[in-house]
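The values are calculated or read from the model by the stated rules, or taken from the named source; none is laboratory data. Please read these numbers as outputs of a predicted model, since none were measured by experiment. Note: ideal-geometry Cβ built from the backbone for every residue, glycine included; neighbour counts use all protein chains shown. The area values use the complete protein model at the heavy-atom level, side chains included, leaving out ligands, DNA and RNA. Shrake-Rupley method; radii C 1.70, N 1.55, O 1.52, S 1.80 Å.
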Amino acid sequence: MGIPAAFRWLSNKYPKIISPVVEEQPVTMDDGTVVPVDTTRPNPNGEELDNLYLDMNGIVHPCSHPEDRPAPKDEEEMMLEVFRYTDRVVNMVRPRKLLMIAVDGVAPRAKMNQQRSRRFRSAQEAKEKETDKQELLKLVKQQNGGVLPPEHADTIAKKAFDTNSITPGTPFMDILAASLRYWCQYKLNTDPAWAKLKVIISDATVPGEGEHKIMSYVRSQRASPDHDPNTRHVIYGLDADLIMLGLATHEPYFRVLREDVFFQDSRARTCKLCGQKGHEARNCRGEAKEKNGDFDEKDNVPALKPFIWLHVSVLREYLAAELAVPGLPFRFDIERAIDDWVFMCCFVGNDFLPHLPALEIREHGIDTLTAIWRDNLPSMGGYVTKDGHIDWTRAQCILDGLARQEDAIFKRRKEQEDRREANAKRRKVQHNGGAPPTGRHGSDGPRMGGHQDPSRGLQLHPIASFPTEPPQAITHDMIVNRGATKDATMANKSAASILKDQLRGMQQSSEPGTQEPSSSPSSLGKRKASELEDGMKLPTNAPTVASAPKVSGAEPVDTVRLWEDGYADRYYQQKFHKSPEDIAFRREVARAYAEGLAWVLLYYFQGCPSWDWFYPYHYAPFAADFKDLASLDISFDQGYTSRPFEQLMSVLPAASRHALPEVFHSLMTDKDSEIIDFYPEDFEVDLNGKKMAWQGVALLPFIDMNRLLAAVRGKYPLLSEADAARNGVGRDVLLFSDGNEGLYDDVLTKFYSKRQAASKLKLNPKTSDGMAGKVEKLPEYVPHGALRYPLDRHAMPDLDYDRSVSVYYDFPQSTQTHKSMLLRGAELPAPILTRSDIEVIQGKASRAGRSYGGARLDRANGPGGRREPIHYGPPAGATRPGHAGAGGYGRVQPDNFSHHYPPPPGGAGFGMGLPPPPPAYHQGYRSQNRGRGPPPNSRPYR
């Protein structure tokens, strides 16, 4: 998933990091012959690229359950879609040295909790959609005299693909691994552009998330003395954390490739109810498709979505301009500053930690932290991070700065939400063609017609306007728009659910003595297409919205009320079920979160520090709860790496048990199972102050791994041989053809000639085009044999003579840690930003993140117009309105007037009270630093 909304925020703030991909297309001749693109020619994007890394789950998901066309019929069609999509990506990048395909394997425990939440929601949504579909078919049957039309037989028989099968250890992942191996070998034999390409396949049997296996490879090559520091890297994927990982490599040439998720296709989308094109779900009549001609079954090829580059090198330029702080008492190091920026991005949320309550990326939370960092960097005496390790004394300074702003942030957020809601209501009224309601009904009164309020009069219609033809078939749109007073939330229900409820309502209202039923509470929050970014796509087997179990009502009530005094008491009482007096518990939560920050940063920069660690709470602490961080002594041990079936039992709901061997099913369904409490059928989703159900927190019980392992391992002796093999741990495989002459000769001579030596070989970078590592002979593999297509229908050909070679591959091992630095010999790319761009970003940096509380966080208040920081909230040692302190819980201590500044004109309290004393003059602070942060000897926020 990555960092929610990060891609949109980054591309808006730093526009030049994005550029369109230039993609050549095959040419179709007049006779129908298709001339493929010659990818051996120079790259049309103007730069030859060396290595392409595919985060393969970002390809498998859209190919197995696409949004803009009917889903594939079976696994073989899915694999063919995967081949086509992957071929397109490879052709547009045209890597000249390496292609690495990395599929998500068993994940660290910290990631499993998020996977568990996603998969339980996905199963719940699939169940609800299946129920809606069956109800719709029942209504169609009633409309046809109790007989279901034959054209709906396929709808009954076809079962939606369970996206939870895209998890390590399932039969689907075995099919995917075999299919990818075949396809890569086929391309090495048949595509001239692949002749000198080396291919690494890291399938789901290899532990680790796909993107992190890729980063492990990049770091391992950087540690080799033969690594080219100017290697051009491209990584494909939908997760926004790929951007952070690209920055963390400190490679000067790095791009992220992805679909343009904001591209709006003008074509009609596929109906979610009947699967046909030409109409949307709201206009569905449940009718059979009309066939046009003999070849109507073959849909036209859909228009291709465009791709875009995200240039990490250009992002580095932006950050170099934005993070530069003049007058530092130490040397400014852009590499270390970038690491600090990545660290601050961890606070706005990721796959392992919830975001701090005060920080939302859509509210420019990263800018808030960056402003604090810039203001405090001179006084901190150095950077917050180094090579993935955190200096907690300096991190405390950043969190203290945020703590001083939390109250203002929450109040400002509430004001903005109220303003947005008022504007939305006004636009709704204007859209409905009326003026805002006034008079005795008030601004929020219902709009009444003449039937309810005779003073308004009744609308008159000419006789000619009455229908003379039989009524048309009922459509979804006719039902939704039947009444003028229908609530907008009705559109947020799944299409089948609306049709089902309204048809029932119409049938009941037509009976004597019945009333039209009120609409049932709608599911919360239809998610916009533009929100489906950074890998957070809803499963297409789900309803149109993510229906939340146990969440109902159009307007959720936020009982914590962060914008009111005492919010911290309410937060910990309602979210953690802890007494307001239990301050020690708050410190415990904050320390667990600090551990999580240390874990995440090491994971990004050095690799997984612990497979066992996880954050044991559903919610984050407040910034004010972080105390005495300098005393933290955090260390991790590698711990236990789960087997595939153990992960499946940790993350799958009982509804997806078909993906597991049958011997495990009773553990998930038997009421006497020792771990039955891990698989609730119903669970609560806490909206946690949000409006949309998909933004809520799924309150699932955390897995007790010792109990789970004891139960699962007790079933291992009952596994078949094939199932036991699926539960094993695999290895990376390196494939190459005889076009890689040096590497090809080395491997065949060492492994398959009469002079064959040991079964392992250390690669020679001179013959492997710079690749370091070791290869090992595959057992029972003989080169130059036949290549067989692994699936049933033989949609692709077999080859009698396979010119490719396959070996196990191990990354080179190094005792050195990954260093946050450019390697010797690195040549930075030509600058993209102009002087004007740099001035704009530096001007924004002096203002960004300083808008909470209704005024900037600094103002020209010193001699000569010098800018000085403004401190919101009480100074250090005082108690904030929402928090307790030594003086009693929730009491506010007197403010320190040495840190007080009057509110801005028009702000609350303006013109009241005594004026503050003049600020102290800081000697030695040069006027040239005006507007660029505090003087070096000042200590704001501390």
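What is the magnitude of the charge dipole of the range 1-84 about its Cα centre, with +1 placed on the Cβ of each Lys and Arg, -1 on the Cβ of each Asp and Glu, and no other charges, expressed in debye to the nearest 20?
On the way: 7 positive and 16 negative charges, 132 e Å.
The calculated dipole for the range 1-84 is roughly 640 debye.
So for the range 751-821, taking the charge dipole from beta-carbon charges (+1 Lys/Arg, -1 Asp/Glu), which of L799, T817, S768 sits furthest toward the positive end?
Final value for the positive-end residue is T817.
Counting Lys and Arg as +1 and Asp and Glu as -1, what is the net charge of the other residues whose Cβ lies under 15 Å from the Cβ of T385?
Computed value for this residue: -2.
Would you mind checking the pairs K97/K213; K13/K690; K111/K774; K627/K844; K198/K819 and listing those with alpha carbons more than 21 angstrom apart?
Numbers: K97/K213 18 Å; K13/K690 24 Å; K111/K774 30 Å; K627/K844 31 Å; K198/K819 27 Å.
Violating the 21 Å limit, Cα to Cα: K13/K690; K111/K774; K627/K844; K198/K819.
Could you point to the residue in Q185, M215, P229 farthest towards the positive end of the range 181-231's charge dipole, with +1 and -1 charges on the Cβ of Lys/Arg and Asp/Glu respectively?
It is Q185, whose Cα lies furthest towards the positive end.
At a probe size of 1.4 Å, how large is the accessible area of E48, to the nearest 10 Å²?
Roughly 80 Å² of E48 is accessible to a 1.4 Å probe.
Report the full-extension gain for the segment E662 to E681: residue separation times 0.36 nm, less the Cα-Cα distance, to one decimal in nm.
Working: separation 19, 0.36 × 19 = 6.84 nm, distance 1.92 nm.
Result: 4.9 nm gained on full extension.
Could you give the nm distance between label points at R84 and T767, where each point is 7 Å from its Cα heading toward the beta carbon?
The modelled label-to-label distance comes out at 4.1 nm.
Take the Cβ-Cβ distance between E827 and N12 as r, set R0 to 45 Å, and report the resulting FRET efficiency rounded to the nearest 0.05.
Numbers: r = 30 Å, r/R0 = 0.67.
With a Förster radius of 45 Å, E is 0.90.
How many nm is it between the label spots at E77 and T669, if each spot is 7 Å from the Cα in line with the beta carbon?
So the two model labels end up 2.8 nm from each other.
Can you tell me the dipole magnitude for the range 167-266 around its Cα centre, using point charges on the Cβ only (Lys, Arg +1; Asp, Glu -1), in Debye to the nearest 20?
On the way: 10 positive and 13 negative charges, 87 e Å.
Value, rounded to 20: 420 debye.
Once both labels are modelled 7 Å past Cα along the beta-carbon direction, what's the E780-D745 spacing in nm?
Between E780 and D745, the label points sit 3.3 nm apart.
Tell me, what does the Kirkwood hydrodynamic radius of the range 734-855 come to in angstroms if you use every pair of distinct C-alpha atoms? Could you put the intermediate results ahead of the total?
Details: mean 1/r = 0.0504 Å⁻¹.
Computed over the range 734-855, the radius equals 19.8 Å.
Set the Förster distance to 41 Å, then compute FRET efficiency between L718 and K141 from the Cβ-Cβ distance, nearest 0.05. Provide the component values of the computation, followed by the final result.
Details: r = 43 Å, r/R0 = 1.05.
With a Förster radius of 41 Å, E is 0.45.
By accessible area of protein heavy atoms, probe 1.4 Å, what ranking do C397, C608 get, highest first? Show your work: numbers first, answer last.
Values: C397 0, C608 25 Å².
My answer, sorted largest first, is C608, C397.
Once phi is turned into ³J(HN,Hα) by the Karplus curve 6.51 cos²θ - 1.76 cosθ + 1.60 with θ = phi - 60°, what whole-Hz value does each residue of the range 231-238 show in order, with x for glycine and proline?
Along the range 231-238, the couplings run 4, 8, 9, 9, 10, 9, x, 9 Hz.
Quick one: putting +1 on the C-beta of Lys and Arg, -1 on the C-beta of Asp and Glu, what dipole do you get for the range 321-427 around its Cα centre, in Debye to the nearest 20? Don't jump to the answer; show the numbers that get you there.
Values: 16 positive and 19 negative charges, 121 e Å.
Magnitude of the dipole: close to 580 debye.
Please give the FRET efficiency for H431 paired with Q25, using the beta carbon to beta carbon distance and R0 = 45 Å, rounded to the nearest 0.05. The partial results should precede the final answer.
Numbers: r = 41 Å, r/R0 = 0.91.
For R0 = 45 Å, the calculated efficiency reads 0.65.
If you average 1/r over every pair of different alpha-carbon atoms in the range 721-800 and take one over that average, what Kirkwood value in Å do you get?
Working: mean 1/r = 0.0662 Å⁻¹.
Final number for the Kirkwood radius of the range 721-800 is 15.1 Å.
By how many nm would the segment from D612 to R793 lengthen if fully extended, with 0.36 nm per residue of separation less the alpha-carbon distance? Walk me through the numbers before you get to the answer.
Details: separation 181, 0.36 × 181 = 65.16 nm, distance 4.25 nm.
Here the segment from D612 to R793 would lengthen by 60.9 nm.
When N is the residue count of the range 635-734, what does its C-alpha Rg come to as a fraction of 2.2 N^0.38 Å? Walk me through the intermediate numbers first.
On the way: Rg = 16.3 Å, N = 100, 2.2 N^0.38 = 12.7 Å.
Normalised Rg, Cα atoms only: 1.29.
Among L718, M705, P783, flag the residue with its Cα farthest along the positive direction of the charge dipole of the range 701-800, charges on Cβ as +1 for Lys/Arg and -1 for Asp/Glu.
Toward the positive end, the furthest listed residue is M705.
Hey, what's the per residue convex hull volume over the C-alpha atoms of the range 1-60, in cubic angstrom? Spell out each step's value before the answer.
Values: hull volume 10.3 nm³, N = 60.
Given the Cα convex hull of the range 1-60, per-residue volume reads 172 Å³.
Would you kindly state how much longer the chain becomes between T393 and E581 on full extension, computed as 0.36 nm times their sequence separation minus their alpha carbon distance, in nm to one decimal?
Numbers: separation 188, 0.36 × 188 = 67.68 nm, distance 2.68 nm.
Extra length from T393 to E581 when fully extended: 65.0 nm.
Would you tally the net charge around S656, using a Cβ to Cβ cut-off of less than 10 Å, leaving S656 out, and scoring K and R as +1, D and E as -1?
Taking every Cβ under 10 Å from that of S656, the sum is +1.
What fraction, in whole percent, of alpha-carbon pairs in the range 327-429 exceed 19 Å separation?
Details: 2637 of 5253 pairs.
That tail contains 50 percent of the Cα-Cα pairs.
Using only the alpha carbon atoms of the range 675-819, find the Kirkwood hydrodynamic radius as the inverse mean reciprocal pair distance, in angstroms to one decimal.
Working: mean 1/r = 0.0482 Å⁻¹.
20.7 Å is the Kirkwood radius here.
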